[in-house]
Structure formats: C-alpha cells, structure tokens
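Notes follow the structure.
The values are calculated or read from the model by the stated rules, or taken from the named source; none is laboratory data. Fair warning: this is a prediction, and the values are worked out from it, not measured in the lab. Using ideal geometry, Cβ is built from the backbone for each residue, glycine included, and neighbour counts are taken over all protein chains shown. These accessible areas exclude ligands, DNA and RNA; they are computed on the full protein's heavy atoms, side chains included. Shrake-Rupley method; radii C 1.70, N 1.55, O 1.52, S 1.80 Å.
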Amino acid sequence: MKSFWPWLLAALSGVLLALCYPPFDQGWLCWIALTPLTAALWLSSSAGRWQPLRLAGLGYTMGLVFFWMSLHWITEVTTLGWFVFAFYLALFPAAWALFVGIVARPTAGPAPFLHSSTNLRLAVIGAVGWTGIEWVRGTLFTGFGWNSLGVALWQNTALLQIADFAGVGGVSFLIVMVNLTAVLTVRRLTLEVGHVRIRPHYDFTLTLALVALAFTYGVRHFYRPPVPSVPLKVAAIQANIPQDQKWDPVFERRIMEIYRQQSEAAIALEPDLLVWPEAATPQALLNNLDMQREATALLEKHGGPFLLGTVHFTTNQAFNSAVLLQPDGDVQLYNKIHLVPFGEYVPFRETFPLFAWAVGDQVPSDFDAGTETRVLDATPKPMRNPGHIPFLPASIALDFARHPVRIAPLICFEDTLGDLTRHFAARGAQLLVTLTNDGWFRESAGSRQHLANSVFRAAETKLPMVRVANTGVTCFIDHLGRITETLRSADGSTFIEGFLFGTVQVPLDPQKTFYTRHGDLFALVCFFGSLVALQVHLFTARREHQDSA
C-alpha cells in the first residue's frame, strides 16, 4: 500500500479536475485539483532508473481519469472513440508530470522546500510548463483544446478578464501556480513547525498577490464606461431536431415546418437579425431550389438580414457553411475552416482504415475545409426612432442604420478556438455569432461544456456573442463573457424547441485587445520558456555529473 498511494493521489487529481466542468460545475476545485498529483510527484520516492517512466505514468493516470470522466458525452456518438481518445489526450498531463517531477522538483539537500525564492521559482516553472503543454494540445494535429484548465473558471467573470491579454492560457497559469504553491507551503510548514523558525512565506504571499491583481484587473472592467454601441434585436431559432432525423428525407418537410413556424413567430417581434443554427436546412440551401424558396419567403417577411447554417457543394467539394441572405439579394458565404476530427472528417481515412472503422457510419464522408476567415456584413433594418437610443447621439445611430453590422460566423466547435476567433476580430468583426448543432450528443454535458469553452472568446476579444444551437444552449453573451439571456423551458431545460429574442449591444468601433492583436503569445512564451528550463536543467545535471566523476 505504501508504494500505491501516489497512484491513488494521481487518480484523485483526475476526479477533482473532472468535477470542475459541466455537468458538475464545481469550478472552485480547480485551485486544489492538482495538489494530490503534485504531492505524488514531489514527495514520493525519486530514486531508480524507472523514475521518469513512473513520473509520466502518474500524470498519465490523472489524464485518463480526467478525460474519461469529463468527455463521457462522446459515448453518445462512439464508445470506442471516447475510450481510445483519452489514451491520446492523457499524454499531455503525462508530459507535464514528467516535466514537473524532473525540471521543477525541489532539489535534495538539507533544506528543501524552506526557501521562498526557490519555491516561487518552482511554482512559476511548473505553471509555465502546464501552459505551454496545454497550448500544444490545442494546436497539435489541428488541436483539441477542449476543457483547458482555465475553462474551469468560466463562471468567474472577474478572473477570466485576463484572457483579453493572455487568453485562456493565462487563467490556466494562475491556477497551476496556486496549486503548486499550496503543496510547497503545506510541506514547508510541516518542516518548520517545531523544528526551525517560521519565516515569511514570500512565495505564498506573491502568489496570492498575483491572484488578487488578476481579480482587480477583472473587476475594473465592470466599472469602465461603456463603449459606444447600438442595440441589435436578434431572433435565434432552436428547432431541437434529433440527430437521427436531421438528414432523413422522411422528416425533411417537418423540419422546415418547425423552422418556418418558429421564425414567423419571431419575425412578428420585428428582429433586426434572424439566425438559424448550423446545417439547419435538410438540403444544401444554395444547391436546392425548394430550400431557396423557403428561405426567400421568410426573408421577405423579415425584411432584414437572415443568417443560417447549411451544407454547400461545389463541383468537387463539400463545405459546412454559413450563409447570410439580405433583402436586396446579396448572398455572403463563409465555409468552416476548422473541421472536427472524427466529426466532420476522418483523419487518414484511406491510409489508416482503423479510424474509419471506429467511427462507423457516423461520418460516411469528409467535408472540405474553408480557407478564409470571412467577416459577413449584415445591414440591419432601418431604425424607427434612432435618436432615442440611450447614450447614443442620433447622428451615430442613423449612420449605423445605413452601415452593416460586421459578423464573425463561427460554426460548431470554432467558438472553442481562441486563435481562430481573434482573426475575425482583427478583421473588424463587431459581433460573434456561433451556429452549432450539439444534437449529436443528445442531452449530455457536451453542450454545456461547449458553452463553457466559448465564453472565453467574448472575454478575449471583448465582443458580444450570439450562440444559436439546433439543440443545447442557445444564448446571448456580453463582451465580458457573461451569459445575459438563455433559451430554456419553465423547468430549466435548454433542450427545447423555440426561439430566443433579445437585444445585443453591438460596439460601433470595437477596440482590438492585446489578445486580438497577438493571439496566444503568452502561451507561446510559456512553451519556449519551458524548453529553456528543460535545457538549463539538463546542462546543470550534466555539469554536476562531470564534477562528481
């Protein structure tokens, strides 16, 4: 049992970390979730030729438990895929455990853990390593950054504001520093009490000061004067079509009837923008006359811009697309850039058939990826009384009525990708609009985890977001990442048929944040910083070995 306790601690970290995310939403646990694993890495035996493998194994154990628990919603599509995918994702916490267990491990000697400067350095190195490895997970093989550590604080609006500078990686860095400092502080106190004089713990103090500084930075955003903006009335249609009916020709008429009825009810409220979710039309809109007639009839009743998701075919390509229709006949098209592996295409379908076999008939063919982050220009309906918009001069309102709202169309999981979203913002987008279909995962935690990841896009770019789902979470998010309105039933369920009508404040001239301009620069610095720390450790170890020889 003595040799088994580190593995139990590693598994406990995986459980605590999984509890931070939906459906559990115990985000406060993120501040201590890594402490069991860290204690196992630092306080268990460090001797033996198999020590690197043992350290990596501890991190791998945590990773398996965490990803199996937090990504269990994937079983709604493929149980085998869920099981196997975790074995790949667990490699990243394994790499961090190896890094922390070797590069950031308290050195042996007469006074380990007893020096504030040393402890602070170890905490920073460990946080740098986690942030860098997390960035790799979000970019390698097209990336899967889902449920980064920082996302655990998606409901802590104050702390997530540092994302406009450092992205979600900055929040992850902060959390890891607290976890490592907690282990260092507790261990130091156990060594000091009754043995040596207790000295000030400057590492603990500085870590808390960093958290307080980040919190203060976030709170300041709540009291900043509002930027000049105008209200945009949005109607978001959620049809709640089961995935097994979505592409069945038998249900085609019923699907379009649901969209028509909900849209007409929403149009009666005179929205400026009408939005349908991802792949809403049962047939390709721009390739099918019946679909075009249906959409045109609603467009005429609406009299304003109409944004919807559809598949789109060219001579030899197929795209998952967003189409913006306007009453003057203007049609704008955006083809999804970041395709979901095993959802919209199967990697190495021909060269490695095992992947296609594991997915089965869920992905019978592959979509093609778009190449351009195209901002769509939606001209709103003329304002009836623009001069009475609060805090907005009539001349500005009239100018806005004549000019388009610049929309960043994000399709499906694209709103979980900070670097992609910020390219839309850099090109002048004023409003983020996510079109998604989470019906694949039924009423599981997948849709709420999707929402948790997406709120960071608003905080990073300081742009409001409209999320329109086939089923799942249709909602409005303000520029700080706060959910302002959500489509839900009387009993609180978000898996319903209906529409969300409300007003979104669209900035007239949004200021580009540091993150919008520079992307994941903080995470990149952490990644290269961890490589430098590794090189320094190897060099030092080599010198010590030569000196001892």
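Descriptive notes on the structure:
- Restricting segment 327-341 to residues that are modelled with pLDDT under 95 and over 25 Å from G418 (Cβ atoms) leaves a set whose member that is most open to solvent (accessible area, probe 1.4 Å) is D328.
- Here R517 does not qualify as within 15 Å of V433 (Cβ to Cβ) and not hydroxyl-bearing (S, T, Y).
- Test: residue in segment 113-121 that is open to solvent by 20 Å² or more (accessible area, probe 1.4 Å), of a type outside the set (V, I, T) and within 23 Å of T416 (Cβ to Cβ): no
- W31 being closer than 23 Å to G150 by Cβ, open to solvent by 10 Å² or more (accessible area, probe 1.4 Å) and out of contact with any His (no Cβ under 6 Å at 6 or more places or on another chain): yes
- Test result for L17, in contact with a Cys (Cβ under 9 Å, 6 or more places away or on another chain) and either in contact (Cβ under 8 Å) with a residue 40 or more places away in the chain or more than 14 Å from M62 (Cβ to Cβ) (or both): yes
- Qualifying residue in segment 63-73 (condition: assigned to a helix (DSSP H, G or I), of a type in the set (S, T, Y) and in contact (Cβ under 8 Å) with a residue 12 or more places away in the chain): yes
- Qualifying residue in segment 16-28 (condition: surrounded by 16 or more Cβ atoms within 10 Å (Cβ to Cβ) and over 30 Å from N437 (Cβ atoms)): yes
- Test: residue in segment 260-278 that is open to solvent by 10 Å² or more (accessible area, probe 1.4 Å) and in contact with a Ser or Thr (Cβ under 7 Å, 6 or more places away or on another chain): yes
- Subset of segment 470-494 that is in contact with a helix residue (DSSP H, G or I) (Cβ under 8 Å, 6 or more places away or on another chain) and within 23 Å of D244 (Cα to Cα) - its residue that is surrounded by the fewest Cβ atoms within 10 Å (Cβ to Cβ): T494
- Residues in segment 240-259 that are farther than 19 Å from F495 by Cβ and not in a helix (DSSP H, G or I) were compared, and the one that is least open to solvent (accessible area, probe 1.4 Å) is D248.
- Residues located in segment 139-169, provided they are closer than 21 Å to L534 by Cα and modelled with pLDDT of 95 or more: G169
- Within segment 57-73, considering residues that are of a type in the set (A, V, I, L, M) and surrounded by 21 or more Cβ atoms within 10 Å (Cβ to Cβ), the one nearest to the chain's Cα centre (by Cα): L71
- Looking across segment 34-52, the residues that are surrounded by fewer than 19 Cβ atoms within 10 Å (Cβ to Cβ) and assigned to a helix (DSSP H, G or I) come down to L43, Q51, P52.
- Meets criteria (closer than 30 Å to I125 by Cβ and in contact (Cβ under 8 Å) with a residue 24 or more places away in the chain) for A445: no
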